[in-house]
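Where a number appears in this text, it was derived from the coordinates with a stated rule and is not lab data. If you're wondering where the values come from, they're calculated on a predicted model, not measured in any experiment. Positions of Cβ are generated from backbone atoms using ideal geometry, with glycine treated the same way; all protein chains shown enter the neighbour counts.
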Amino acid sequence: MPRNTEAHKKSDKGTFVVQVRYRQHATWQGKVLWAEKNETKQFRSELELLKLIDSALDEDPAQDKEL
């Protein structure tokens, strides 16, 4: 796939921008932005980050169309 096409391809699932602010206690802390809804949430660990993204995708109506 050409580089330009790959960089501009949007996913049907969601676009998340993750900002890691600190690396303490063997984990990440920071914030994640859900680009489609312009919502920002703080996270205190990688597990919490993954749960935030997972819950955001579960409530996304675009995902329901695929089922």
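Worth pointing out:
- Sorted peptide list for 38-50, 18-30, criterion being average Cβ within 10 angstrom, highest first: 38-50, 18-30
- Backbone amide hydrogens, once placed in the peptide plane, bring Glu36 within less than 5 Å of Thr15, excluding anything fewer than 5 places away on its chain.
- Sites Arg23 and Leu57, calculated FRET efficiency, Cβ-Cβ separation with R0 22 Å, nearest 0.05: 0.30
- Tail fraction, Cα-Cα pairs, segment 17-59, threshold 15 Å, whole percent: 35
- Sequence-ordered 3J(HN,Hα) estimates for segment 15-30 from the Karplus curve with 6.51, -1.76 and 1.60 and θ = phi - 60° stand at 10, 10, 10, 9, 10, 8, 9, 9, 10, 10, 6, 6, 8, 9, 10, x Hz, glycine and proline given as x.
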